[in-house]
1. State the number of residues belonging to region 138-155 that are in contact (Cβ under 8 Å) with a residue 24 or more places away in the chain and either open to solvent by 10 Å² or more (accessible area, probe 1.4 Å) or small (Gly, Ala, Ser) (or both).
2. Going residue by residue through region 453-468, is there one that turns out to be part of a helix (DSSP H, G or I), farther than 28 Å from residue 133 by Cα and modelled with pLDDT under 95?
3. Would you point out the residue of region 486-525, among those that are among the aromatic types (Phe, Trp, Tyr) and part of a helix (DSSP H, G or I), that is modelled with the highest pLDDT?
4. Of the residues that make up region 283-290, is at least one at pLDDT 95 or above, under 29 Å from residue 486 (Cα atoms) and part of a strand (DSSP E or B)?
5. Just name the residue that is surrounded by the fewest Cβ atoms within 10 Å (Cβ to Cβ) out of those in region 806-849 that are among the small types (Gly, Ala, Ser) and in a helix (DSSP H, G or I).
6. Evaluate region 646-668: report whether one residue or more is part of a helix (DSSP H, G or I) and touching a residue at least 24 places away in the same chain (Cβ under 8 Å).
7. Among the listed residues 535, 511, identify the single one that is under 24 Å from residue 607 (Cα atoms), among the aliphatic types (A, V, I, L, M) and within 21 Å of the chain's Cα centre (by Cα).
Amino acid sequence: MAGGGRTSARSRIKPAADANDIDDSPRNAKRNLKARKDRSRDHNYIRIFDVNLKVMLGMSAFAFLVILFLIRHLVNPAEEARRPRVVTPFPAPKVMDLPQFQGEHRESLYWGTYRPHVYLGIRARTPQSLIAGLMWIAVKDGRYLMRHVCQDSDELSTYGWTHHNGRDFGHQVLVDQDLMLTTSFLKSKVDGCGYGGDWAVRIDVQSKQSKWNEDTTHLFFYMADEDGNALSLSRDFDIHEDSILVSGSRMDVGGWQLHLKSMNNLEVHFAGFKTNHIHNLSDLVQQNLGSQARKFGRLQLSDTSDDSPNILVFQISAQIPFKIDIAFVSGNVSQSSRVEERVRSLTGTILTGQLREKQREFDAKYEKSFNLADMIDSESLNVGKAALGNLLGGIGYFYGQSKISLPRDPNPGDHDNLISYWPAELYTAVPSRPFFPRGFLWDEGFHQLLIWRWDVHICLDIIGHWLDLMNVDGWIPREQILGAEALSKVPEEFVPQHPTNGNPPTLFLVLREITHSLKEKRFDATESEEISSFLERAFVRLEAWFQWFNTTQLGKDRSSYYWHGRDSTTTRELNAKTLSSGLDDYPRASHPSEDERHLDLRCWMYLAADCMHSIAELFDKDNKPRKDYGTTAKQLSDFEILNQMHFDYAYGAYFDFGNHTEKVRLSWKEKKVGHNYATRELVRAVLERPELRLVPHVGYVSLFPFMGKLIPPGSWILEKQLDLISNQSILWTDYGLRSLAKTSSLYMKRNTEHDPPYWRGPIWMNFNYLILSALHHYSNEDGPYRDRARAIYNDLRGNLIRNVVLNYHQTGFLWEQYDQKKGKGKGTRPFTGWTSLVVLIMAEAYGET
């Protein structure tokens, strides 16, 4: 995220400064030696006494059943009693066990580009999968650099899926120095296929400058089996005689083969590895290349393999320009003539035709889903397609165990007590492929606002996976770091999840829209039935989630809430961060306490209660919970109570409440370490005693009642919110609304020596979208401020679209945030998480109910 040293709600990425340099150190291959021992048996039988064999067998069977009963009812409950609640799954049928997620649906999504952290990675939605991927060698300043894992330090001019339908097609463009690669992905299901079908990858290599043509470029395509199954190299390995590179067999897909086809003159080499550490594959390849370069002075793989390798890497070298097609076929691969026919259908001119047709289908569906043709120019249209494409192309599948931090032992010096969550799978979109290629709970609600409009089945599948991660208390870990590949991107200290901390329940944003659309009969009969089944199955988990917030995050005062997890003992932070809110360093009360009332959390709870009430109404559940949700929503939307607790009549703005003083600053303090060696550190200084009061910082949090449409359209308070939004000295810029007002005492202030401002000024797309949604709402409501809301809406919408599109054409990326002074992209790139909401802004799709 912005500022490499910042400790954010998202875990920081591990540094990889020179990780891609080709390593010349030799690889020490280890081989396992197996010894067999024969055990002799004495078959002589000595008869000691006579028994009735039937009686003996009957008594034995009875005794066995008794032992099983004791184990099940005595041992297991004891183990269950010892298991902490925090790692106990929620005791209800899983959402993902619904019939609609089985059968054809499950198989249709089996294979995909589900490894978002690499430039091109393919896997299946199963814990131990076959995986495939692409590497290539770039040359910069005379150094050979390996490209594999997405990282900002590679300095690609642009990369990302310009088209992707989330299911069986994708097209990606990558520009690295003067090298341009396009990668296309296609799935096929025909008779004889294994489970999930066949798939193909096309890699087209061009040079941006004609003077680089005829230079040799080295690609590396690999297959690896996470389950450790041995891969078989093609018998003679003569690519000119036989297109098979590698083959194998698995329980899920049966026999399989990987074929390489090209009309160009290729040179192919290989290396095979036996290891469980597939996430270190880049290192293995670089070590092999480095050893060969030292020994023979050439940059090529060794054409050797470990015994029974579960990874095979193929180096494909050719002069630019060139194009290769790689086809994966599975199932019945014993009939060579039928296999050849399937390979032909996935390569060459037939593949070209299929890819063109899929791109036409994508364009047509994009127009049908968002109706943009007459609303924006062609440049903006293409940026919108890239935003959607990279969001869908960034969907990943992960499997592993979260690390949970239990409360510390009171003994001095003890560290956090870590415990593992149960093994779980997660299918989810990700915020950013290079920096955050994993699931983030509060991001996902914003992602799904776009995805459900494109493919509601994928949307429900993703939400179902998230809800099935719920524990018995109704808590969901907010950041999902599952599996070795995901863990390899996160420093160890940022891995543990804290069960006292929540995250904004943004999934209710999309569930509210889907529920409303269901009531309005906007789905066909099959979709309506599946959505109803989903909501009915999910309801008990949503109730538990709501109750977790409604108990653990409750404030002292009635209908008040506060985010737990702030550090009340900090001496280095200007303002203790509120990571659980998602807004990290956004200014809160200077002195964290149980007296706090957080305005944003109150409004999130209103959203959740209102959505729960709406779902309960859908099933006509005339019971107490439904009435409770309706009552809670009514109470949290009570305008008079809201104003009593959070409105400052002098400022005309809504604020948090807490123990606060404005007179806090960071100052340098000399500190002696070691042998009286003096150093300086930036520490927090409090210059006056705090008091319970409203926290006077105007920004995104102040606008939550406005975003929640809780302000009556005729109220003068609505006019005050429009004043704050449109005032250039407060929130307004020509590029979008600032996260914090220029008038705030913490505007663009660092929070520590190493933490630059994050939510203290820069422009964020997710909240600009919600503010636009509210402006659109009030511009269609009868009231004295209708016309003004419409004018502000039009200006803000135009500014946001224009700036995002301009940045994309200048830099090749969508960004995490945008500078409030010049509109320049900041933070992580590409960031096609919630920044992809620009598509809905273009379409004016706000899901109003």
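The values are calculated or read from the model by the stated rules, or taken from the named source; none is laboratory data. The structure presented is a predicted model; accordingly, all values stated were derived computationally and were not measured. Here the Cβ positions follow ideal geometry from the backbone for every residue, glycine too, while neighbour counts run over all protein chains shown. Side chains are part of the model used for accessible areas, which takes the heavy atoms of the whole protein and leaves out ligands, DNA and RNA. Shrake-Rupley method; radii C 1.70, N 1.55, O 1.52, S 1.80 Å.
1. Count: 11.
2. No: region 453-468 contains no residue that is part of a helix (DSSP H, G or I), farther than 28 Å from residue 133 by Cα and modelled with pLDDT under 95.
3. Taking region 486-525 and keeping what is among the aromatic types (Phe, Trp, Tyr), we get 494, 508, 523.
Retained after the next criterion (residues that are part of a helix (DSSP H, G or I)): 494, 508.
Details: 494: 85, 508: 98.
Checked region 486-525; the qualifying residue modelled with the highest pLDDT is 508.
4. No, because not a single residue in region 283-290 is at pLDDT 95 or above, under 29 Å from residue 486 (Cα atoms) and part of a strand (DSSP E or B).
5. Residues of region 806-849 that are among the small types (Gly, Ala, Ser), as a first pass: 812, 823, 825, 827, 833, 836, 843, 845, 847.
From what is left, the residues that are in a helix (DSSP H, G or I) are 836, 843.
Numbers: 836: 29, 843: 17.
By that ranking, first place goes to 843.
6. Yes.
7. Working: 535 fails: within 21 Å of the chain's Cα centre (by Cα).
The unique qualifying residue is 511.
Here is a yes/no grid of residues against (1) crowded, with 16+ Cβ neighbours inside 10 Å; (2) in contact with a Gly (Cβ under 7 Å, 6 or more places away or on another chain); (3) polar (S, T, N, Q):
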| residue | (1), (2), (3) |
| --- | --- |
| 269 | yes, no, no |
| 277 | no, no, no |
| 284 | yes, no, no |
| 300 | yes, no, yes |
| 311 | yes, yes, no |
